[in-house]
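Enquirer: The structure that follows is given in the form of structure tokens.
The values are calculated or read from the model by the stated rules, or taken from the named source; none is laboratory data. Since the structure is predicted, the reported quantities are computational estimates derived from the model, not experimental observations. Cβ: placed from backbone, ideal geometry, glycine included. Neighbour counts: every protein chain shown.
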């Protein structure tokens, strides 16, 4: 699933590096640190910064649902749901406004919520 996120949302010039890191389990912490610490490697044409940032998971849930997200997601990053398929609302409740470096990805809609360590937030979408 992480490979799919990289393919869809990472700048083409940086994909090879992230794909390499994703294939090495020992490199997973480095991958998450580099990918989630700073949004510079996310495709600008598929990323929308949330400004002001949101602290209400229901607001983020509504945004993701506008893009077609269903009830479940995959979570990557500093979360108890890391690497798991989870309930979208529960994952957002744990992630939103916590500055934890996390991606909450709704695969069926190809939409994701990203929050960085400094609290910056993004919606990633193919639409």
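Enquirer: Among the numbered criteria (1) assigned to a loop (DSSP other than H, G, I, E, B); (2) over 15 Å from residue 9 (Cβ atoms), which single criterion is violated by residue 127?
Expert: Failing condition for residue 127: (2).
Enquirer: Within segment 57-66, can you find the residues that are out of contact with any strand residue (DSSP E or B) (no Cβ under 8 Å at 6 or more places or on another chain) and closer than 17 Å to residue 100 by Cα?
Expert: 57
Enquirer: Give the residues of segment 104-121 that are surrounded by fewer than 17 Cβ atoms within 10 Å (Cβ to Cβ) and modelled with pLDDT under 95, sorted by residue number.
Expert: 117, 118, 119, 120
Enquirer: Residue 60: part of a helix (DSSP H, G or I), surrounded by 20 or more Cβ atoms within 10 Å (Cβ to Cβ), modelled with pLDDT of 95 or more and within 14 Å of the chain's Cα centre (by Cα), yes or no?
Expert: yes
Enquirer: Restricting to segment 1-28, and then to whatever is within 12 Å of the chain's Cα centre (by Cα) and not in a helix (DSSP H, G or I), can you tell me which residue is modelled with the lowest pLDDT?
Expert: That would be 1.
Enquirer: Of the residues 54, 36, 31, which is under 21 Å from residue 69 (Cβ atoms), in a helix (DSSP H, G or I) and either in contact with a strand residue (DSSP E or B) (Cβ under 8 Å, 6 or more places away or on another chain) or modelled with pLDDT under 95 (or both)?
Expert: Checking each option against the conditions leaves just 36.
Enquirer: Here are some conditions: (1) at pLDDT 95 or above; (2) in a strand (DSSP E or B). Residue 48 meets all but one. Which one does it not meet?
Expert: Just one mismatch for residue 48, condition (1).
Enquirer: Can you find a residue that is modelled with pLDDT under 95, touching a strand residue (DSSP E or B) at 6+ places or on another chain (Cβ under 7 Å), at positive phi and assigned to a strand (DSSP E or B) anywhere in segment 67-90?
Expert: Yes: one or more hits.
Enquirer: Name, by its number, the condition in (1) under 14 Å from the mean Cα position of the chain (by Cα); (2) more than 20 Å from residue 4 (Cα to Cα) that does not hold for residue 110.
Expert: All conditions are met except number (2).
Enquirer: Continuing with the same structure: Residues being under 20 Å from residue 40 (Cα atoms) and in contact with a strand residue (DSSP E or B) (Cβ under 6 Å, 6 or more places away or on another chain): count how many of those fall in segment 96-120.
Expert: 10
Enquirer: Please determine whether any residue of segment 80-103 is surrounded by 15 or more Cβ atoms within 10 Å (Cβ to Cβ), under 21 Å from residue 4 (Cα atoms), in contact with a helix residue (DSSP H, G or I) (Cβ under 8 Å, 6 or more places away or on another chain) and without any contact (Cβ under 8 Å) to a residue 24 or more places away in the chain.
Expert: Scanning segment 80-103 turns up at least one residue that is surrounded by 15 or more Cβ atoms within 10 Å (Cβ to Cβ), under 21 Å from residue 4 (Cα atoms), in contact with a helix residue (DSSP H, G or I) (Cβ under 8 Å, 6 or more places away or on another chain) and without any contact (Cβ under 8 Å) to a residue 24 or more places away in the chain.
Enquirer: Residue 108 passes all but one of (1) in contact (Cβ under 8 Å) with a residue 12 or more places away in the chain; (2) in contact with a helix residue (DSSP H, G or I) (Cβ under 9 Å, 6 or more places away or on another chain); (3) assigned to a helix (DSSP H, G or I); which number fails?
Expert: Failing condition for residue 108: (2).
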